[in-house]
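Below is one structure, written out as structure tokens, with a few remarks after it.
The values are calculated or read from the model by the stated rules, or taken from the named source; none is laboratory data. This one's a predicted model, so the numbers in the text were calculated from it and none came from an experiment. Using ideal geometry, Cβ is built from the backbone for each residue, glycine included, and neighbour counts are taken over all protein chains shown. Side chains included, ligands, DNA and RNA excluded: accessible areas come from the protein's heavy atoms. Shrake-Rupley method; radii C 1.70, N 1.55, O 1.52, S 1.80 Å.
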Amino acid sequence: MENFKGQPRLPKFAVPKRYDLQLKPDLSACKFAGSVSIDVDIVAETRFIVLNAAELSINPGSVSFSPRNSSKVFDPKKVELVEEDEILVLDFAEALPLGLGVLAIGFEGILNDRMKGFYRSTYEHNGEKKNMAVTQFEPADARRSFPCWDEPSFKAKFKITLDVPSELVALSNMPVIEEKVNGPLKTVSYQESPIMSTYLVAYVVGLFDYVEDHTSDGIKVRVYCQVGKANQGEFALKVAVRTLELYKDYFAVPYPLPKLDMIAIPDFAAGAMENYGLVTYRETALLYDEQHSAAANKQRVATVVAHELAHQWFGNLVTMEWWTHLWLNEGFATWVSYLATDSIFPEWRIWTQFLDELTDGLRLDGLAESHPIEVEINHAAEIDEIFDAISYRKGASVIRMLQSYLGAECFQRSLASYIKKHAYSNAKTEDLWAALEEGSGEPVTKLMNTWTKQKGYPVVSVKFKDQKLEFEQSQFFSSGSLGDGQWIVPITFCCGSYDKKKSFLLQTKSENYDVKEFASDSNKSAWIKLNVDQTGFYRVKYDEELAARLRYAIENKYLTPTDRFGILDDSFALCMARQLPLTSLLTLMGAYREELDYTVLSNLISITYKVGRIAADARPELMDNINQFFINIFQYSAEKLGWDATQGESHLDSMLRGEILTALAMLGHKETLSEASRRFDAFLKDRNTPLLPPDTRKAAYVAVMQTVTSSNRAGFDSLLKVYRETDLSQEKIRILGSLPSCPDQGIISEVLKFSLSPEVRSQDAMYALAVSKEGREVAWTWFKVISLAQHEQNYC
């Protein structure tokens, strides 16, 4: 028995084939009882069965193994739940016969409040607080609901039955086939599922409304939400129906299940979870209120729905063999969600906004403490650590880079082949590379191993000399340190025009490229831009002459928004790594005074905040001048957009208006603060006033908090009142994210305490940590105090 403890994975001498699971949740007592009969194939001689279980009470007398080809029943002589390894070891007196048998186990558990396993979420109905029962099993928490082989490679079929209060809705992965009411309880039986991994099993019990539609091939799609909010599910429903049809064509495989349910959960740790046929969401990621949700909320719903539905193929139908390949699930779903959103909403120019994903990946991967995309996972406790910007955003970015290198048509064709080959099975990263290599004839494995098996990425330095471009790659670290990594880098560049694009693979440390054809007398001062459209996962450092040409090109609007974004972001990163002086960055920022693109300006605003914080620490006496410099940069776009939307304006302008006005408020722009105060007062008198629509509310809230002090707290108290009166999660988060922008340390202390009060759901407390620069010390002291208190509580 000791041999099974401390092992990274379960032994493979017994393999599950089918689960018959029955559960009876008690929503009042917050506990559940259950039984499971598992069809198990004994494939090697053993007297042990080892599976996963955690935080369950196992009834030893209920445990038995019955071989299919024998009438004999095997009862274990010892049943041991090893909590530190989350395994259940069944020790039988004699070896179990090879072949199929049924393992029966009875158990009980707690509906916890930690948003994992089988847990409880709270909501209000007719003024009464109630519980719903919800599952969240990824990555390794199905074992908290029923004993199982809780690893993605142990795929099996599931037959689920729930005993629930008769007035409640009970959902699972598959459609209901029978519902028997017996007084206050009903027994709900579901159709047997196709084979799937345990982390994709789901069931939800509570009071819900829904809206419904069908795809053109008859798949029933529903959006469930709290009673009274059904209309808020209409937008997600439309997106889901269109996305399912788009993916059916893109992957060349139909959606595999007869129905798709999507449900909004009030207490939910992640943004959403792709459970097969029953996708669970945080309310902010699924519900959209036409009157009180902002354009950014609408876009968030669309991209999250597209991401989760991509998993129904890439993750659920074809599943990673082990968590080392998590990035295959998440990186791909992130990338393809942009593909789908761009197809449905081309006017959003979502691929330009993808650069935010790219930047997040570059930022984390520039740290010495980063990790490769593919990480060896040696224990279930390690899995949560890789649900980060490397798996999601770097993963998505290198897929985009590869698609750009291979070509969209070849990439799609090879992908469809990969999905057909591995459907209802498991796959590794190497399987995807093999399919793409076969379809393209390119050395995909050799190329991509340099990006997935080592951490970090290069900065490519480029100089123009003697009618040649000199390229040199070195590992980029945000600290400015030197690294020894080397990559196969897909280089693209343009000279003076997007009609003149060149590409090659940089496979060595340095290489020269002859550009005589570009360097005519009339073209000697033409701009040269590397990493065209930012499709590559690397940064670029230009020599002074090339950088000056690019500034001129930005000022004269010769470059695309994606390239304007990339030049700015690379310059900021190089400046922070002490490879460029701050004066160089500020000069470049001045070239964006007439910028109107949403994504470029959003990044410029983010950089402004970061530079401002650094400057405030280093030279506080210069802050008034620095803030005025930044205000001057944003003045043009602010005057163009104003506070009020125009008839038929674009989705992107709606999002930009709020961000620009919020930035001006944070910079202390007097006119913005004054106008925000006027509009906020009107909003307090009438929550439906056209003077403060959802897109500009965050700006007004932030502006109000800039003038709040411990002795003048009217604005703070008013925002708390709005928070308490709204039942819209998006509005609550808008307010929570605005409160900590206050410069008053006493108010910051109150905001932090409020974030841990019962009025704030635990998943939302993090929004209150985005404190002003004046509040950093208060927040740090507070954080240390609560961390120490939590530590002492854990060891009492």
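Only residues of the range 693-716 count here: report those whose backbone N is under 15 Å from the spot 7 Å along Cα→Cβ of Glu774, or say none. Label zone hits: 702-716.
With distances taken between every two different alpha-carbon atoms, the range 259-327 has a Kirkwood hydrodynamic radius of 12.9 Å.
For the range 178-219, the list of GluC sites (Glu not before Pro) that fall in a loop by DSSP and count at most 16 other C-beta atoms within 10 angstrom reads Glu192. Per residue, the convex hull spanned by the Cα atoms of the range 405-485 amounts to 141 cubic angstrom.
Sorted by average packing, counted as other Cβ atoms within 10 angstrom per residue and highest first, what order do 104-115, 651-662 take?
Working: 104-115: 18.2, 651-662: 22.5.
Order by mean packing, descending: 651-662, 104-115.
In units of the rule-of-thumb radius 2.2 N^0.38 Å, the range 441-593 shows an alpha carbon radius of gyration of 1.03. Helix content alone sets the calculated 222 nm mean residue ellipticity of the chain: runs of n ≥ 4 DSSP H residues at -39500 (n - 2.57) each, divided across all residues, give -12000 deg cm²/dmol.
Using R0 = 30 Å, the C-beta based FRET efficiency linking Asn59 and Ile195 works out to 0.60. Taking trypsin sites (Lys or Arg not before Pro) across the range 14-88, the ones in a DSSP loop with at most 12 further Cβ atoms lying within 10 angstrom of their Cβ are Arg68, Lys72. Taking the longest Cα principal axis of the chain as reference, the axis of helix 745-755 is set at about 30 degrees.
Taken as Cα centroids, the range 457-508 and the range 311-365 sit 25 Å apart, rounded to the nearest whole angstrom.
For Asn3 and Ala682 in the same chain, what is the full-extension length gain: residue separation times 0.36 nm, less their Cα-Cα distance, in nm? All intermediate terms of the calculation are to be shown ahead of the outcome.
Details: separation 679, 0.36 × 679 = 244.44 nm, distance 6.96 nm.
Contour length minus the Cα-Cα distance gives 237.5 nm.
All distinct Cα pairs of the range 541-678 go into the 1/r average, and the inverse of that average, the Kirkwood radius, is 15.7 Å.
Could you calculate the FRET efficiency of Glu84 with Asp484 from 1/(1 + (r/R0)^6), where r is the beta carbon distance between them and R0 is 51 Å, rounded to 0.05? Spell out each step's value before the answer.
Working: r = 39 Å, r/R0 = 0.75.
After rounding, the FRET efficiency stands at 0.85.
In degrees between 0 and 90, to the nearest 10, how far off the longest principal axis of the chain does helix 395-406 point, with axes built from Cα atoms? The answer is roughly 70 degrees. Answer rounded, prolate or oblate for the range 437-518, using the Cα gyration tensor with square roots of eigenvalues a ≥ b ≥ c: rounded when a/c is under 1.5, else prolate when a/b is larger than b/c, else oblate. Oblate, because a/c is 1.5 or more while a/b does not exceed b/c.
Averaged across orientations, what area in nm² does the convex hull of the alpha carbons in the range 36-129 project?
Working: hull surface 32.1 nm².
For the range 36-129, the mean projected area of the Cα convex hull comes to 8.0 nm².
Restricting the calculation to Cα atoms, the chain shows an Rg/Rh of 0.98 when the hydrodynamic-style radius is the Kirkwood one. Thinking of the range 1-206 as a set of Cα atoms, what percent of all their pairs are more than 25 Å apart? It works out to 37 percent of all Cα pairs. Here the simple spin-label model places points 7 Å from the Cα toward Cβ, and for Tyr513 and Lys421 these points are separated by 3.1 nm.
Which number comes out as Rg/Rh for the range 679-796 once both Rg and the Kirkwood Rh are worked out on C-alpha atoms?
Working: Rg = 15.1 Å, Rh = 14.9 Å.
A ratio of 1.01.
Work out the FRET efficiency for Glu409 and Lys557 from their Cβ-Cβ distance, taking R0 = 30 Å, and round it to the nearest 0.05. Efficiency at R0 = 30 Å is approximately 0.40. Accessible surface ranking for Ile195, Ile386, 1.4 angstrom probe, highest first: Ile195, Ile386. Per atom type, the range 603-670 shows carbon and sulfur on 52% of its accessible surface, probed at 1.4 Å.
Greater than 27 Å separation of Cα atoms is the criterion. Which listed pairs, Lys502/Lys640; Lys5/Lys453; Lys516/Lys557, meet it? Present the calculation step by step, with values, prior to reporting the outcome.
Working: Lys502/Lys640 37 Å; Lys5/Lys453 29 Å; Lys516/Lys557 25 Å.
Table pairs above 27 Å Cα-Cα are Lys502/Lys640; Lys5/Lys453.
Return the Rg/Rh ratio of the range 115-250 with Cα-based radii and a Kirkwood Rh.
0.98
Ignoring lysines fewer than eight residues from Lys155 along the same chain, the ones with Cα atoms less than 18 angstrom from its Cα are Lys12, Lys17, Lys420, Lys421, Lys428.
Could you work out what % of the accessible surface of the range 318-453 is carbon and sulfur, using a 1.4 angstrom probe and leaving DNA, RNA and ligands out of the count? About 49 percent, which is the carbon plus sulfur part of the accessible surface.
Placing a pseudo-label 7 Å from each Cα along the Cα-to-Cβ vector at Glu470 and Ser710 gives an inter-label distance of 6.0 nm.
If the chain linking Glu245 and Glu369 were pulled fully straight, counting 0.36 nm for each residue of separation and taking away their Cα-Cα distance, it would gain 40.5 nm.
Report, to the nearest 10°, how far helix 651-666 tilts away from the longest principal axis of the Cα atoms in the chain, using its own Cα long axis and a range of 0 to 90°. On a 0 to 90 degree scale, this one is about 70.
Would you mind calculating the gained length between Asn182 and Tyr498 on full extension (0.36 nm times residue separation, minus the Cα-Cα distance), in nm to one decimal?
Values: separation 316, 0.36 × 316 = 113.76 nm, distance 7.08 nm.
Contour length minus the Cα-Cα distance gives 106.7 nm.
Looking at the range 318-453, the pairs of alpha carbons with a distance over 18 Å make up 56% of the total. The residues of the range 1-206 expose on average 40 square angstrom of accessible surface per residue, using a 1.4 Å probe on protein heavy atoms.
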